[in-house]
Amino acid sequence: LNNNGIAFVRYSNTMRRYSLFQEQNRETAEKLGKATVLMFTLPLLVFFVCTNFVFRDKEDPLMWGGFAAVMIVNVIIAGYVYSAFSEEDEFDTDDNDESGPRAGAFKKRVD
């Protein structure tokens with residue numbers, strides 16, 4: 001605990017390095033790996049194809065190829081965010097859970 005009563009958890013470098021490879025994190029690690037590979041390869045590929053083939057006859061093909069690559073990056077990010085939010089929650093939302101009483105927006109009226 002520090003002076004304010006806040007507990008700090010120190011992780012070793014080994015724990016940080018292998019936390020993505022644990023069984024409960026495997027799906028997330030795979031999703032992150034796929035998104036990383038897509039973020040590296042697709043924008044470069046789209047830029048090359050658009051600059052040399054699609055927008056070759058335009059006045060400034062580099063600008064159009066860059067725009068297409070940026071749009072692909074945004075599509076990849078949006079897909080990753082959508083897939084992250086569409087995952088099922090690990091937590092039960094039963095009324096019989098042991099996490100304590102509901103409060104605020106989660107509180108249910110009983111009158």
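The values are calculated or read from the model by the stated rules, or taken from the named source; none is laboratory data. Note that the structure is predicted; figures quoted are calculated from it, not measured. Ideal geometry is used to build each Cβ from the backbone, glycine not excepted, and the neighbour counts take in all protein chains shown. The protein model used for the area step is the full one, side chains on, heavy atoms only, and it has no ligands, DNA or RNA in it. Shrake-Rupley method; radii C 1.70, N 1.55, O 1.52, S 1.80 Å.
From the list L62, L45, L38, the one residue that fits, being among the hydrophobic types (A, V, I, L, M, F, W, C), open to solvent by 90 Å² or more (accessible area, probe 1.4 Å) and closer than 30 Å to F21 by Cα, is L45. Contact map, the stretch 34-51: residues that are closer than 16 Å to G66 by Cβ and modelled with pLDDT under 95 paired with residues that are charged (D, E, K, R) and outside any helix (DSSP H, G or I), Cβ distance under 6 Å, separation 6+ or inter-chain. No pairs are found. For the stretch 51-70, a residue qualifies if it is within 21 Å of F40 (Cα to Cα) and of a type in the set (F, W, Y), and the qualifying residues are F53, W64, F67. Restricting attention to the stretch 75-111, the residues being of a type in the set (S, T, Y) and either modelled with pLDDT of 70 or more or farther than 30 Å from A29 by Cβ (or both) number 4.
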